[in-house]
Amino acid sequence: APRRGPAQPGQPGAAQPVHPGAAAGTGSVFRALSAEDGEQRPAEIESLCMKCFCSGVTRLLLTRIPFFREVIVSSFTCGSCSWANTEIQAAGRIQERGVRYSLTVSSRQVSDMDRQVVKTDCATARIPELDFEIPAFSQKGVLTTIEGLIDRAVAGLEQDQPVRRATDQEVASKIDEFIGKLKQLKEVHSPFTFIIDDPSGNSFVENPRAPQKDDALVVTHYRRSPQQAAMLGLQGEELDERPDDDAAEDLRNEVLQFNTNCPECNAPASTNMKLVQIPHFKEVIIMATNCDSCGHRTNEVKSGGAIEPQGTRITLRITDPSDMTRDILKSETCSVEIPELEFELGMGALGGKFTTLEGLLKDIRDLVERNPFSLGDSSTPSRTGKLQEFIGKLQEIIEGKAKAHLILDDPAGNSYLQNVYAPEEDPELRVERYERSFEQNEDLGLNDMKTEGYEAEEASGR
């Protein structure tokens, strides 16, 4: 894009004159500049037109793009020759990660060509189907649409065509052919892919369905390479000091997603997975699935570490309603016991869960209520009465009206119950370590697992 003359506008200041009546009676001449200020007016600066070198006006406005961030929009208009130019630059800093937007444009009827696009000067725009690319730093930052970006590319290619036709007819003909292909893209006769890759993380492609997910738009955040960091003027050496630690930190801060099927209706669904550090315990993996078809939701917790050398038995004396808010990590290998109710839940039931004590007890209640052989038509009146009595007593514990003991017994040692007095000892909580029995090791598959000396036995067996 053409640049303006030597009378370039400076960066917008931290304050702006108040227009008449904006701060009457306050005695203040300036107010802070903010994108949220509905009464804000663009700042106007005189500058020179690059086409006719006459005096024109550049307007600067700080604004916020919905679901994105603040940007500075500058617009120049020449009153003599009507030449105009618009540029955009990020109002904030370079983001911690680069961003890549990949949009599949499939139909003109869905207004894909009208999506707003913020392309910074360090972003690369590509259309793989035409092997077309707008390199970084070849254009100034711009706020436009998909169609507008294609029009700018066409105008840039057509700019020197008269000279090419006079000097090299063959090259001019090939460029004319390519310009025709670019213009056909605007009609969307066939789907194509539009990609913006910005190492600074400040470019943007509009999602018209926001805050809902747009299936045609894929947004990927990535770590900058040393070359990209150097291109942005960052010190690439600092990025490579501890790559292993940085990768582990990225994994902790990132929510991974993979495709799966709903366990209820078997419709395609997605599962989110996150690595979480539980204070005073260890890392665990939380997986959550939400089915858009039938609404079924489930979550599961996996231990992020190995099986502990000893089993763990955790005993909590429930004495106060506030105990219901304690965090609980129940692994798949953990059994639950409530002696006062003569109740025991074997390991494997309910799966792995990261919840509160109240959530665990409610899950136990729902498990009993939904069993058709316990409270359904197949149940006997005596059994139904006993189970109704059990549910009533369990509800009293949940509401804090009854005291009880909760015992978590995990042979793998991967379960956890929050100590609300941490790092001090909890008078109502007792944690015991014990040696596993042969049967428990058998259930965990440890009796047949050999981790030392197996190389020698394998060699002798041959």
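The values are calculated or read from the model by the stated rules, or taken from the named source; none is laboratory data. From a predicted model like this one, the values you see are computed outputs, not experimental measurements. Here the Cβ is made from the backbone with ideal geometry for all residues, glycine too, and neighbour counts use every protein chain on show. Heavy atoms of the whole protein, side chains included, go into the accessibility calculation; ligands, DNA and RNA do not. Shrake-Rupley method; radii C 1.70, N 1.55, O 1.52, S 1.80 Å.
The table for this structure:
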quantity	calculated
Subset tally (residues that are in a strand (DSSP E or B), at pLDDT 80 or above, of a type in the set (Ser, Thr, Tyr) and open to solvent by 30 Å² or more (accessible area, probe 1.4 Å)) for the stretch 70-101	2
Candidate set from the stretch 433-462 (those that are of a type in the set (D, E, K, R) and within 39 Å of the chain's Cα centre (by Cα)); member that is modelled with the highest pLDDT	433
Count of residues meeting criterion [in contact with an Asp or Glu (Cβ under 9 Å, 6 or more places away or on another chain) and either modelled with pLDDT of 75 or more or farther than 17 Å from residue 343 by Cβ (or both)] in the stretch 370-381	0
Helices (runs of 4 or more DSSP H) lying entirely in the stretch 144-219 (those with 2 or more residues that are of a type outside the set (A, V, I, L, M) and exposed (fewer than 12 other Cβ atoms within 10 Å of the Cβ))	161-167, 169-185
Tally of residues being under 38 Å from the mean Cα position of the chain (by Cα), outside any loop (DSSP other than H, G, I, E, B) and farther than 10 Å from residue 77 by Cα across the stretch 39-61	3
Unique match (being loosely packed, with under 15 Cβ neighbours inside 10 Å, of a type in the set (S, T, N, Q), touching a helix residue (DSSP H, G or I) at 6+ places or on another chain (Cβ under 9 Å) and modelled with pLDDT of 85 or more) among 325, 356	325
Residue 384, sole failed condition from (1) modelled with pLDDT of 90 or more; (2) closer than 20 Å to residue 342 by Cβ	(1)
The lone exception for residue 130 - which of (1) surrounded by fewer than 17 Cβ atoms within 10 Å (Cβ to Cβ); (2) among the aliphatic types (A, V, I, L, M); (3) out of contact with any helix residue (DSSP H, G or I) (no Cβ under 9 Å at 6 or more places or on another chain) it fails	(3)
Selection count where residues are more than 12 Å from residue 414 (Cα to Cα) and within 33 Å of the chain's Cα centre (by Cα), scope the stretch 324-348	5
Selection from the stretch 133-143 of residues that are of a type in the set (A, V, I, L, M, F, W, C) and surrounded by fewer than 17 Cβ atoms within 10 Å (Cβ to Cβ)	137
